[in-house]
1. Would you check which residues across the range 26-57 are aliphatic (A, V, I, L, M), surrounded by 19 or more Cβ atoms within 10 Å (Cβ to Cβ), over 17 Å from GLY100 (Cβ atoms) and touching a helix residue (DSSP H, G or I) at 6+ places or on another chain (Cβ under 9 Å) and list them?
2. Is it fair to say LYS127 is over 24 Å from SER65 (Cβ atoms), at pLDDT 95 or above, open to solvent by 20 Å² or more (accessible area, probe 1.4 Å) and charged (D, E, K, R)?
3. Being open to solvent by 60 Å² or more (accessible area, probe 1.4 Å) and hydroxyl-bearing (Ser, Thr, Tyr): is that true of SER109 here?
4. Scanning the range 14-30 for residues that are assigned to a loop (DSSP other than H, G, I, E, B) and at pLDDT 95 or above, which turns out farthest from ASP49 (Cα to Cα)?
5. So which residues in the range 130-146 are open to solvent by 100 Å² or more (accessible area, probe 1.4 Å) and within 22 Å of ILE87 (Cα to Cα)?
6. Of the residues LEU60, LEU70, which is more than 22 Å from TYR135 (Cα to Cα), surrounded by 14 or more Cβ atoms within 10 Å (Cβ to Cβ) and not β-branched (Val, Ile, Thr)?
7. State whether the residues of the range 1-11 include one that is open to solvent by less than 40 Å² (accessible area, probe 1.4 Å) and either in a loop (DSSP other than H, G, I, E, B) or of a type in the set (D, E, K, R) (or both).
8. Can you tell me which residues in the range 147-170 are closer than 30 Å to SER103 by Cα and either exposed (fewer than 12 other Cβ atoms within 10 Å of the Cβ) or within 25 Å of the chain's Cα centre (by Cα) (or both)?
Amino acid sequence: MFRTLLARLRGELTIKQLVKRGLVIGKNHTIQKRVIIDDSHPWLIEIGDNVRIASYVHILAHDGSTKNHLNGYTKIGRVKIGNNCFIASGVVVLPGVTIGDNSIIGAGSVVTHDIPENVLAFGAPAKPVCTIDEYNRKLDKLFDESPKFDESYTLRGKISKKKKQEQKDALKDGVGFVE
């Protein structure tokens with residue numbers, strides 16, 4: 001109820017309201033705060049099962065920049081995000097694109113063309129940089145070589161001032177992982 005009220009105050013529609021307008025969204029999705037899904041053409045957007053969408057993502061099925069040039073016509077296009085995808089923070093997905101199953105779109109990317117399945121893609125415009133298998137091998141190696149922190153090193157675990165400093169010190173030369 002709080003999210004619905006907050007969305008109303010911001011002039012945004014909730015996922016439930018977007019679904020009533022035609023958005024298709026699969027099971028087991030995670031959509032973080034401040035994601036904008038085109039509320040003027042949600043019926044053109046399909047999001048698969050097990051999709052995670054990080055904060056500040058924009059998914060657009062229309063492009064109003066064409067209006068002045070084309071006598072009032074706005075470009076529109078379907079958007080499909082496949083199953084088991086992760087869309088990182090700050091991504092913009094433009095009309096007329098498909099993101100294939102099991103793909104990851106890196107933070108800050110702009111998806112202007114179709115992205116195949118099973119790839120990591122990023123950039124502006126987003127382009128595939130490696131397969132998910134290659135990415136997972138790199139990730140496994142990085143995980144083995146990096147510091148790891150349990151839940152007590154998070155806000156939900158009520159991280160102490162001492163642990164904040166420990167974490168900062170351990171991460172001074174790179175990245176780590178937290179539960």
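The values are calculated or read from the model by the stated rules, or taken from the named source; none is laboratory data. Quantities reported herein were computed from a predicted structural model and do not represent experimental measurements. Cβ atoms come from the backbone with ideal geometry, glycine included; neighbour counts cover every protein chain shown. Remember, those area values only see protein heavy atoms, side chains included, never the ligands or the DNA or RNA. Shrake-Rupley method; radii C 1.70, N 1.55, O 1.52, S 1.80 Å.
1. Answer for the range 26-57, where residues must be aliphatic (A, V, I, L, M), surrounded by 19 or more Cβ atoms within 10 Å (Cβ to Cβ), over 17 Å from GLY100 (Cβ atoms) and touching a helix residue (DSSP H, G or I) at 6+ places or on another chain (Cβ under 9 Å): just ILE37.
2. Values: over 24 Å from SER65 (Cβ atoms): no; at pLDDT 95 or above: yes; open to solvent by 20 Å² or more (accessible area, probe 1.4 Å): yes; charged (D, E, K, R): yes.
Judged against the criteria, LYS127 is not a match.
3. Details: open to solvent by 60 Å² or more (accessible area, probe 1.4 Å): no; hydroxyl-bearing (Ser, Thr, Tyr): yes.
Against the criterion (open to solvent by 60 Å² or more (accessible area, probe 1.4 Å) and hydroxyl-bearing (Ser, Thr, Tyr)), SER109 does not qualify.
4. Taking the range 14-30 first, the residues assigned to a loop (DSSP other than H, G, I, E, B) are 14, 21-23, 26-29.
Checking the rest, the ones that are also at pLDDT 95 or above come to 21-23, 26-29.
Working: ARG21: 19, GLY22: 16, LEU23: 13, GLY26: 4, LYS27: 5, ASN28: 6, HIS29: 6 Å.
Here the residue is ARG21.
5. Step one: of the range 130-146, the residues open to solvent by 100 Å² or more (accessible area, probe 1.4 Å) are 133, 137-138, 141, 144-145.
Correct list: ASP133, ARG137, LYS138.
6. Details: LEU70 fails: surrounded by 14 or more Cβ atoms within 10 Å (Cβ to Cβ).
Residue meeting the stated conditions: LEU60.
7. Start the filter on the range 1-11 by keeping residues that are open to solvent by less than 40 Å² (accessible area, probe 1.4 Å), which leaves 7.
Those still in the list that are either in a loop (DSSP other than H, G, I, E, B) or of a type in the set (D, E, K, R) (or both) too: none.
The answer is no, given that none of the residues of the range 1-11 is open to solvent by less than 40 Å² (accessible area, probe 1.4 Å) and either in a loop (DSSP other than H, G, I, E, B) or of a type in the set (D, E, K, R) (or both).
8. Residues satisfying the conditions are LYS148, PHE149, ASP150, GLU151, TYR153, THR154, LEU155, ARG156.
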